[in-house]
Amino acid sequence: MKKRIGSYPRVRIEGGGRTVVSQAGGVLLVETVRKAGLDTAISAALTPWRKARAVHDPGKILLDVALTVALGGDCLADVAMLRAEPAVFGPVASDPTVSRLIDTLAASGEKALRAIRAARAEVRRHVWRLADREAPDAGGTVTVDLDGVLVIAHSDKEDAAPTWKRTYGHHPLMGFVDHGSGGTGEPVAALLRPGNAGSNTATDHIAAAQLALAQLPKKYRRGRRTLIRTDSAGGTHDFVAWLAQRGRWLSYSVGMVITEQVHQQVLKVPASAWTAAVEADGEIRDGAWVAELTGDVLDGWPQGMRLIVRKERPHPGAQLRLTDADGMRLTCFATNTSGRPIAELELRHRLRARAEDRIRAARATGLRNLPLHRTAQNRIWLEIVQIALDLLAWMPMLALTGKARLWEPRRLRLRLFTAAGQLVTTGRRRILRLVLHWPWTGHITAALDRLGRLPNPG
């Protein structure tokens with residue numbers, strides 16, 4: 001009779017392994033930094049904050065924290081994960097040095113934020129040129145989604161306040177460039193706000209839109225080729241007027257609140273005016289119709305604005321609202337795009353739901369909470385989170401193909417970044433050998449090969 005030892009084999013654990021590298025798949029992010037020129041751009045931007053005879057470059061320190069966040073860290077002390085692997089990530093500053101830099105940048109306020117954002121915008125233009133047909137502007141247009149994020153605070157941080165969901169924390173307003181159905185998305189704006197900040201504050205939406213436009217190549221900072229999408233929080237007179245201002249000429253697709261006036265107008269729409277809504281594959285959306293509203297309901301809004309409403313049978317168990325009609329769930333949005341069928345415009349606006357995927361990725365990448373106490377420090381943390389999200393968007397865009405391009409941060413970490421490797425030194429060369437039995441080693445090597453074929457910056 002054999003003695004049962006359990007479902008898993010027992011192994012003897014000993015310390016002292018010196019040639020094994022954990023997080024070896026992180027070389028994908030390191031190589032992305034190198035090919036994008038992000039290291040040199042951030043270092044140049046933060047040169048004014050480098051002290052004489054300093055050992056560590058401020059740009060390298062900031063990038064190390066961003067790489068830590070991209071690999072799953074959620075506080076400054078997690079940079080120890082990189083410090084333990086100098087063969088892959090180079091020399092990493094101590095925890096006190098990292099903290100001092102964050103405090104120094106926070107004390108500089110907008111000057112430091114502008115420097116970091118300018119470097120990111122410069123690198124973004126370069127990455128989009130490298131990506132070519134895989135870039136988000138390959139079709140000649142760019143779509144920016146603005147949306148709010150609730151970040152819970154578990155301690156009494158500066159500007160933390162009760163939120164509209166009866167939680168406690170902050171309410172940042174973020175912007176993401178939509179990569180479409182074939183990719184993910186990248187952050188272009190993060191406006192830190194108290195938890196009690198209003199959802200439909202026009203000044204905040206304008207500020208976030210300005211931050212987002214500054215991150216785009218100059219040809220997309222104005223004009224119809226740039227589409228700004230928001231939910232109903234952006235459907236205010238001031239924000240829509242700012243988007244449609246003469247000389248700015250931005251395209252927009254913003255959700256609107258179903259007011260009593262809109263509700264009454266919907267009831268007057270004849271049955272013949274309703275058009276079947278469509279899905280992304282061109283098929284008719286079952287139980288959904290769209291129509292365009294005209295007349296007095298447009299009074300006071302910018303010229304050229306179109307108001308499109310959708311009615312849809314509610315899902316089983318869903319509760320109707322007072323503004324719904326005839327047992328149908330009503331939603332409404334405004335746009336200034338002309339010459340396209342309203343069903344196509346409604347589908348384009350509905351795809352704004354991809355912003356929720358971007359928010360989920362941000363929560364999994366350093367935005368689960370704000371780890372620092374002061375607001376100025378957490379503004380720097382938001383920039384670090386955006387750099388990490390940039391890398392997690394640029395690496396798949398430049399190096400991955402097929403369904404792997406759609407992997408979210410959690411899956412990228414599980415399948416690619418956590419792969420182990422063995423460091424071999426031969427003469428003056430150091431070689432990182434990835435384990436062959438790892439199911440996704442082929443993805444890593446193929447991605448590194450694609451990155452290696454890209455031209456070096458400068």
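The values are calculated or read from the model by the stated rules, or taken from the named source; none is laboratory data. Everything numeric in this text was worked out from a predicted model, so none of it was measured. Quick reminder, even Gly has a Cβ in these numbers, built from the backbone with ideal geometry, and neighbours come from all protein chains shown. Heavy atoms of the whole protein, side chains included, go into the accessibility calculation; ligands, DNA and RNA do not. Shrake-Rupley method; radii C 1.70, N 1.55, O 1.52, S 1.80 Å.
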Note on the stretch 38-79: residues under 20 Å from the mean Cα position of the chain (by Cα) and on the phi > 0 side of the Ramachandran plot are Gly72
ask   = Residues in the stretch 156-166: is at least one outside any loop (DSSP other than H, G, I, E, B), modelled with pLDDT of 95 or more and not β-branched (Val, Ile, Thr)?
value = no
request  = Evaluate the stretch 324-340: report whether one residue or more is open to solvent by 50 Å² or more (accessible area, probe 1.4 Å), part of a loop (DSSP other than H, G, I, E, B), within 26 Å of Ser181 (Cα to Cα) and of a type outside the set (D, E, K, R).
outcome  = yes
From the option list Ser272, Ser253, single residue qualifying as open to solvent by 90 Å² or more (accessible area, probe 1.4 Å) and either among the small types (Gly, Ala, Ser) or modelled with pLDDT of 90 or more (or both) is Ser272
Okay, strands (runs of 3 or more DSSP E) sitting entirely in the stretch 187-287 with 3 or more residues that are in contact with a helix residue (DSSP H, G or I) (Cβ under 8 Å, 6 or more places away or on another chain) and under 28 Å from Gln386 (Cβ atoms), I get 226-230, 251-256
Residue set Gly72, Gly90, Gly59; condition of a type in the set (Gly, Ala, Ser), closer than 22 Å to Gly25 by Cα and crowded, with 19+ Cβ neighbours inside 10 Å; output residue Gly72
Of (1) crowded, with 18+ Cβ neighbours inside 10 Å; (2) part of a helix (DSSP H, G or I); (3) touching a residue at least 24 places away in the same chain (Cβ under 8 Å), Leu412 satisfies every one except (3)
Flagged in the stretch 288-305 as in contact with a helix residue (DSSP H, G or I) (Cβ under 8 Å, 6 or more places away or on another chain), open to solvent by less than 40 Å² (accessible area, probe 1.4 Å) and under 22 Å from Arg350 (Cβ atoms), in numbering order, are Val290, Ala291, Leu293, Val297, Met305
Residue pairs within 7 Å by beta carbon, gap of at least six or interchain, first lying in the stretch 146-161 and among the hydroxyl-bearing types (Ser, Thr, Tyr) and open to solvent by 20 Å² or more (accessible area, probe 1.4 Å), second part of a strand (DSSP E or B) and modelled with pLDDT under 90, listed first then second, are none
Residue pairs qualifying under the 8 Å Cβ cut-off, at least six apart or on distinct chains, with the first in the stretch 228-249 being closer than 18 Å to Val142 by Cα and among the polar types (S, T, N, Q) and the second being part of a helix (DSSP H, G or I) and at pLDDT below 95, are Thr230/Arg352
By residue number, the members of the stretch 35-78 that are farther than 24 Å from Pro457 by Cβ and touching a helix residue (DSSP H, G or I) at 6+ places or on another chain (Cβ under 7 Å) are Gly72, Gly73, Leu76, Ala77, Asp78
For the stretch 415-458 the number of residues that are surrounded by 14 or more Cβ atoms within 10 Å (Cβ to Cβ) and among the hydroxyl-bearing types (Ser, Thr, Tyr) is 2
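Rundown of residues vs (1) within 17 Å of the chain's Cα centre (by Cα); (2) free of Cβ contacts under 8 Å to residues at least 40 places away in the same chain; (3) over 30 Å from Ala399 (Cβ atoms); (4) open to solvent by 20 Å² or more (accessible area, probe 1.4 Å), yes/no style:
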{"residue": "Arg166", "(1), (2), (3), (4)": "no, yes, yes, yes"}
{"residue": "His171", "(1), (2), (3), (4)": "yes, yes, yes, no"}
{"residue": "His179", "(1), (2), (3), (4)": "yes, no, no, yes"}
{"residue": "Gly183", "(1), (2), (3), (4)": "yes, no, no, no"}
{"residue": "Leu191", "(1), (2), (3), (4)": "yes, yes, yes, yes"}
{"residue": "Ser199", "(1), (2), (3), (4)": "no, no, yes, yes"}
{"residue": "Thr203", "(1), (2), (3), (4)": "no, yes, yes, yes"}
Legend entry - Residue match in the stretch 366-380 (condition: outside any helix (DSSP H, G or I), within 22 Å of Ala189 (Cα to Cα), basic (Lys, Arg) and open to solvent by 50 Å² or more (accessible area, probe 1.4 Å)): yes
- Are any of the residues in the stretch 171-191 in contact with a strand residue (DSSP E or B) (Cβ under 6 Å, 6 or more places away or on another chain) and among the polar types (S, T, N, Q)? no
